[in-house]
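Undergrad: Just dropping this structure here.
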Amino acid sequence: MTTTTKVPGYADLPRLISLMTGDDKHHAAAESTVDVLWVLFDRVLRTGPARDPGRDRFLLSKGHGPMAYYAVLAAKGYLDESELAGWSSARSRLGHHPDRVRVPGVEISSGSLGHGLPIALGTALGLRARGADARVVTLVGDAELDEGSNHEAIVVAARLGLERLTTVVVDNQSSTHGWPGGIARRFDLEGWATRTVSGRDHDALYDAFTSPHPGRPLAVIAVVEPKGGL
């Protein structure tokens, strides 16, 4: 008798996330990213567990509340599903902040906000210097843009024309002060290509990530429910 193993899909993500308990404070932060993460790993990024040198790089700057990230990594074969229930325990490699040394598929250790975009900028520059065509995508939160290091990176990336760099901002309206004219305008003023879409619409996200933007880095603003509104 032939047996088949069901490959987890998007519909399995709520179940996978539910296996990871004990971080209710950051549940909304995790849920806000789940659709963006799925579209990237399922349809956009050229990557896989083997860590091919030519792979695209995904940098999760919004590293707090990584349950959705771990769920997507498990669905895509980076992690075994059995690891999820024991996450954040003393014996688990899955911590409250992702660890690039211990967790397959994780490119940076994150959780301290404001570092993902500057690191992505440096990564994109290094890959370009090597003649690599790999894409670098970093996911940040809207409140995280309050960190000044992001704005230095926003300015430099546009001036250097880093076309292979993408920043996706998950906007759940948690920023303390916001930005005059909206988040997209902050990037647009510095010369980035920008797209603002629903962070729950998979086709709109895919189109935003894959539409050409020659000679300019790309900022995708993924708008989701306000923090606390889930």
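The values are calculated or read from the model by the stated rules, or taken from the named source; none is laboratory data. Treat the numbers as computed from the prediction; the structure is a model and nothing was measured. Note that we place each Cβ from the backbone using ideal geometry, even for glycine, and neighbour counts take in every protein chain shown.
Undergrad: Would you mind telling me which numbered condition in (1) among the hydroxyl-bearing types (Ser, Thr, Tyr); (2) crowded, with 17+ Cβ neighbours inside 10 Å; (3) without any contact (Cβ under 8 Å) to a residue 12 or more places away in the chain Tyr70 fails?
TA: Of (1) among the hydroxyl-bearing types (Ser, Thr, Tyr); (2) crowded, with 17+ Cβ neighbours inside 10 Å; (3) without any contact (Cβ under 8 Å) to a residue 12 or more places away in the chain, only one is false for Tyr70: (3).
Undergrad: Can we say Ser89 is surrounded by fewer than 20 Cβ atoms within 10 Å (Cβ to Cβ), touching a residue at least 12 places away in the same chain (Cβ under 8 Å) and out of contact with any helix residue (DSSP H, G or I) (no Cβ under 6 Å at 6 or more places or on another chain)?
TA: Taking the combined requirement at face value, the residue does not satisfy it.
Undergrad: Applying the selection to segment 130-156, what residues are part of a helix (DSSP H, G or I), touching a strand residue (DSSP E or B) at 6+ places or on another chain (Cβ under 9 Å) and more than 11 Å from Ala219 (Cα to Cα)?
TA: Selection gives Glu144, Leu145, Asn150, Ala153.
Undergrad: Something else now. With the requirement that a residue be modelled with pLDDT of 95 or more and loosely packed, with under 12 Cβ neighbours inside 10 Å, what does segment 10-40 give you?
TA: Matches in segment 10-40: Ala11 only.
Undergrad: Further, regarding this structure: If you check Arg43, Arg51, which single one turns out to be surrounded by fewer than 22 Cβ atoms within 10 Å (Cβ to Cβ) and under 16 Å from the mean Cα position of the chain (by Cα)?
TA: Among Arg43, Arg51, only Arg43 is surrounded by fewer than 22 Cβ atoms within 10 Å (Cβ to Cβ) and under 16 Å from the mean Cα position of the chain (by Cα).
Undergrad: Name the single residue that is modelled with the lowest pLDDT among those in segment 163-217 being under 19 Å from Gly116 (Cα atoms), assigned to a loop (DSSP other than H, G, I, E, B) and not small (Gly, Ala, Ser).
TA: Per the criteria, the residue is Asn172.
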